[in-house]
Amino acid sequence: MRILIVEDDRLLGAGILAGVKQAEVQADWVEDGAAALAALQSEPFSAVVLDLGLPRLSGLEVLRELRAARNTIPVLILTARDTSQDVIAGLDAGADDYMIKPFDLGELAARLRALVRRAAGSAAPLLEHGDLQLDPAARQISWQGKPVDLAPREFAVLHELLLNAGRVLTRAQIEAKLYPWGEEVESNALEVHIHHLRKKLAPELIRTVRGVGYMVPRE
Ligand code: CA
């Protein structure tokens, strides 16, 4: 999963970025509302952490524009204002959750995981697929009841494929979730990750759809 952080307070933005990265979540950070809308149009983010008081476009305006454009991406509002009016306005404008500053980074990461799994149509915290179990919070995989060691990017690839089971994901869609801005996409890396996943789990788990991409078939 890849998160967009929209926060004009530099210290806080950098802190959130470092915090979610520690939870092995890919993330990018923009500092105003207009940049947020542009980023959301160009990249397939999994969720947004949105400050309300922002330059250029306010958080509420960003949210209204997104929902008016039928963009259903999960949005978590971060607000320093402790008036419940802001929270009410945010939720009514289409936000999915909110936290009031100061907040706990671990709790923020957990709320983001919950929003992303809900958006994928699942309430259960574990992703299960046949003999496979993926725990996004503990970042653990088990296959036929036994733990399997995956590299962080292998885990990320598998997580995306499982969230989208039954749908083909293109290379570009998967890569966009693996590499934040400023990190170079390594050519062939995705093939190598898929190769390792098949070897560590099962060859038939991930299907190659020639000329398109990859999918985990629905059970
Ligand atoms: Ca602000």
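The values are calculated or read from the model by the stated rules, or taken from the named source; none is laboratory data. Treat the numbers as computed from the prediction; the structure is a model and nothing was measured. Quick reminder, even Gly has a Cβ in these numbers, built from the backbone with ideal geometry, and neighbours come from all protein chains shown.
A few comments on the model shown:
Yes/no matrix, rows are residues, columns are (1) touching a Pro at 6+ places or on another chain (Cβ under 9 Å); (2) surrounded by 15 or more Cβ atoms within 10 Å (Cβ to Cβ); (3) at pLDDT 95 or above:
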{"residue": "D131", "(1), (2), (3)": "no, no, no"}
{"residue": "A137", "(1), (2), (3)": "yes, no, no"}
{"residue": "I141", "(1), (2), (3)": "yes, yes, yes"}
{"residue": "P147", "(1), (2), (3)": "no, no, yes"}
{"residue": "R171", "(1), (2), (3)": "no, no, no"}
{"residue": "A176", "(1), (2), (3)": "yes, yes, no"}
{"residue": "G182", "(1), (2), (3)": "no, no, no"}
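- Residues satisfying the stated conditions in region 71-80, i.e. in a loop (DSSP other than H, G, I, E, B), within 23 Å of I100 (Cβ to Cβ) and in contact with a helix residue (DSSP H, G or I) (Cβ under 8 Å, 6 or more places away or on another chain): I73, P74
- Region 30-41, residues that are more than 16 Å from I16 (Cβ to Cβ), of a type in the set (A, V, I, L, M, F, W, C) and touching a Leu at 6+ places or on another chain (Cβ under 9 Å): A34, L37, L40
- Of all the criteria given as (1) modelled with pLDDT of 90 or more; (2) in a loop (DSSP other than H, G, I, E, B), the one not satisfied by G121 is (1).
- Looking at P55, P44, P125, just one residue is of a type outside the set (G, A, S), touching a residue at least 40 places away in the same chain (Cβ under 8 Å), more than 16 Å from the ligand (Cβ to nearest atom) and farther than 19 Å from Q22 by Cα, and that residue is P44.
- Which numbered condition V212 fails, given (1) touching a residue at least 12 places away in the same chain (Cβ under 8 Å); (2) farther than 27 Å from A39 by Cβ; (3) over 19 Å from the mean Cα position of the chain (by Cα): (2)
- Whichever residue in region 184-219 is in contact with a Ser or Thr (Cβ under 7 Å, 6 or more places away or on another chain) and assigned to a strand (DSSP E or B) and, among such residues, is surrounded by the most Cβ atoms within 10 Å (Cβ to Cβ): Y214
- Among the residues examined, E160 does not qualify as touching a residue at least 24 places away in the same chain (Cβ under 8 Å), more than 22 Å from W29 (Cα to Cα) and part of a helix (DSSP H, G or I).
- Residue satisfying condition, being touching a residue at least 24 places away in the same chain (Cβ under 8 Å), of a type in the set (D, E, K, R) and either closer than 30 Å to A151 by Cα or within 16 Å of the ligand (Cβ to nearest atom) (or both), within set R113, R10: R113
- All positions within region 82-97 that are part of a loop (DSSP other than H, G, I, E, B) and either of a type in the set (D, E) or surrounded by 11 or more Cβ atoms within 10 Å (Cβ to Cβ) (or both): D82, A93, G94, A95, D96
- Failed item, numbered, when D82 is tested on (1) at pLDDT 90 or above; (2) farther than 18 Å from D8 by Cβ: (1)
- Residue in region 15-33 that is farthest from the ligand (Cβ to nearest atom), counting only those that are more than 23 Å from A172 (Cα to Cα) and surrounded by fewer than 16 Cβ atoms within 10 Å (Cβ to Cβ): Q22
- Condition met for L60 (surrounded by 15 or more Cβ atoms within 10 Å (Cβ to Cβ), free of Cβ contacts under 8 Å to residues at least 40 places away in the same chain and within 16 Å of the ligand (Cβ to nearest atom)): yes
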